[in-house]
Amino acid sequence: DKTARVWAGSDGSGPVLEHPVAVNGVCGLPGALVATGSGDGAVRLFDAKAAGTGGGALVRECGACGSPVRAVCAVPGLPTRAPTGGQKGEESSAAAAACRAGLAAVSNDGMLRIWSGADGWAPAGCRAVHCGG
């Protein structure tokens, strides 16, 4: 029915996350964020707590997949990199120890894409790996 539903209680109440096409994957992320992947190739992040008119607030939409998204999942403990002022690409010990939540999505084009919460879930921060044959 082109929705993802967040069950907030035993009565089935909670936000309904509207989409233009079928939702193929859903996962929870830290901070009451809910990620969805759908048939239009978009990964969407919703704030489940910001339930205005019964739906969660859309935080970000990343149409980077280009083909239907088949699954999404949380990636806990995703290492982040921070500028150190040293050599290009050098990683500080603090940055190496810092971890944030991440999100992975797989799509029909055989790609695994990973976004980092440290990048503010920005589409430009997406890293892609080809998984197909």
inquiry  = Starting from 0.36 nm per residue, how many nanometres of slack lie between Lys2 and Val16 once their C-alpha separation is accounted for?
reply    = 4.0 nm
task = With all protein chains present, calculate the accessible area of Ser107 using a 1.4 Å probe and round the result to the nearest 10 Å².
result = 10 Å²
Difference of contour (0.36 nm per residue) and Cα-Cα distance, Asp119 to Ala50 = 22.7 nm
inquiry  = Using the basic label-point model (7 angstrom from Cα toward the beta carbon), what is the Leu112 to Ala128 distance in nanometres?
reply    = 1.6 nm
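The values are calculated or read from the model by the stated rules, or taken from the named source; none is laboratory data. Since this is a predicted model, take the numbers as computed values, not measurements. Here Cβ is always computed from backbone atoms with ideal geometry, including for glycine, and neighbour counts include all displayed protein chains. Ligands, DNA and RNA are excluded from the accessible area calculation, which covers all protein heavy atoms including side chains. Shrake-Rupley method; radii C 1.70, N 1.55, O 1.52, S 1.80 Å.
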